[in-house]
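In what follows, a structure is listed as structure tokens, so that the remarks can point back to it.
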Amino acid sequence: MVPAAHKQQVKPRVYVSRRFHFSAAHRIYNPAWSDAENARVFGPCSHPAGHGHNYELEVVIAGSPHPDTGYVMDIALLKKLVEENVLSQLDHRNLNTDVPFLADQIPTSENLIVSLWREIQRLLPSEVQLVELRLWETPRNCFIYHGETY
Ligand code: NI
């Protein structure tokens, strides 16, 4: 017979993922460099008029199912929080000029995903952990972040 106090110490850790979509424009360039240098390093990504992407963003959280609901987190709430607070700032916007949390950054997907981590993490309830973001810039190019730093 296992004492009840011991049983309660073991809780399953469950991962929950939600996929989001947004469309945005950007131009990849370093303002400290000449147009020629930008063209050499970034190629067509630095064309002055910019270009667009249909981004897919996968948000992976983890936690233990709550005894009252069986949910790690209500996915409808996750959807609402991310869409209303973060994606509303990105969708159909210019990432170079329109998004306060991307100011002064080269809007690559690498920089975008780090900013998305910070913006999404602060929205989550304390008992839920953000464990992974996957940002698809094209169907073939995916960027992954776990909140790690050097
Ligand atoms: Ni691009």
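The values are calculated or read from the model by the stated rules, or taken from the named source; none is laboratory data. What you see is a predicted model; the values in this text were computed from it and never measured. Here the Cβ positions follow ideal geometry from the backbone for every residue, glycine too, while neighbour counts run over all protein chains shown. All accessible areas refer to the heavy atoms of the entire protein, side chains included, with ligands and DNA or RNA removed. Shrake-Rupley method; radii C 1.70, N 1.55, O 1.52, S 1.80 Å.
Using a 1.4 Å probe, what is the accessible area per residue for the chain, in Å²?
Counting only protein heavy atoms, the per-residue value for the chain is 62 Å².
All other residues with a Cβ under 15 Å from the Cβ of residue 60 taken together, and with Lys, Arg as +1 and Asp, Glu as -1, what is their net charge?
Computed value for this residue: +1.
Among 44-52, 82-90, how do they line up from the highest to the lowest mean number of other beta-carbon atoms within 10 Å?
Output ranking for 44-52, 82-90: 82-90, 44-52.
Mind giving me the nanometre distance, one decimal, between the label points for residue 36 and residue 11, set 7 Å out from Cα along Cα→Cβ?
With each label placed 7 Å out from Cα toward Cβ, I get 6.2 nm.
Quick one: the Cα spread of the range 12-145 along its three principal axes, in angstroms, biggest first?
Sorted largest first, the three principal extents are 60, 24, 22 Å.
Can you list residues whose amide H is under 5 Å from residue 71's amide H, if they're 5+ apart or on another chain and H is modeled 1.01 Å from N?
Amide H neighbours of residue 71: 66.
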